[in-house]
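J.: Below is a structure I'd like to ask you about.
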Amino acid sequence: MLQFSKQLASRGLKVTLLTTTMFSSKFTHSQHYSNAITIETISDGSGINETATPNNSDKYIDRFDVIAPRSLTRLLESKIH
């Protein structure tokens, strides 16, 4: 996705790459990708309790389905206002 984002940015588009808290450590925000690429993180429920870890994928997905849409909505609302 980062490579695709770079391709879009190279064509003049502003890109927001969305990641979750579980994977956000893969993107160090100190890395400079491009002025046209913003990396945002939403909560996926990881770290909330023991059942939200990748060791139990069914419980992780159940938690993700509840937490992530709310987190995404908050992010979108913050961008609109």
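The values are calculated or read from the model by the stated rules, or taken from the named source; none is laboratory data. No experiment lies behind these values; they were computed from the predicted model shown. Cβ sites come from the backbone with ideal geometry, for glycine too, and all protein chains shown count toward neighbours. When the accessible area is computed, the model is the full protein with side chains, heavy atoms only, and any ligands, DNA or RNA have been set aside. Shrake-Rupley method; radii C 1.70, N 1.55, O 1.52, S 1.80 Å.
J.: Which order, highest average first, do 65-72, 9-16, 39-46 follow once you tally other Cβ atoms within 10 Å for each residue and take the mean per peptide?
T.: 39-46, 65-72, 9-16
J.: Name the residues whose placed amide hydrogens come within less than 5 Å of the amide hydrogen of VAL15, ignoring near sequence neighbours (fewer than 5 apart) on the same chain.
T.: ILE37, THR38
J.: Which order do LYS59, LYS79 take when ranked by solvent-accessible area (1.4 Å probe, heavy atoms of all protein chains), largest first? If you can, show how the numbers build up before the last one.
T.: Values: LYS59 100, LYS79 120 Å².
Listed by decreasing accessible area, they come as LYS79, LYS59.
J.: Provide the gained length on full extension for the span SER10 to ASP65, in nm with one decimal, where the gain is 0.36 nm per separating residue minus the Cα-Cα distance.
T.: This chain segment gains 16.5 nm when fully extended.
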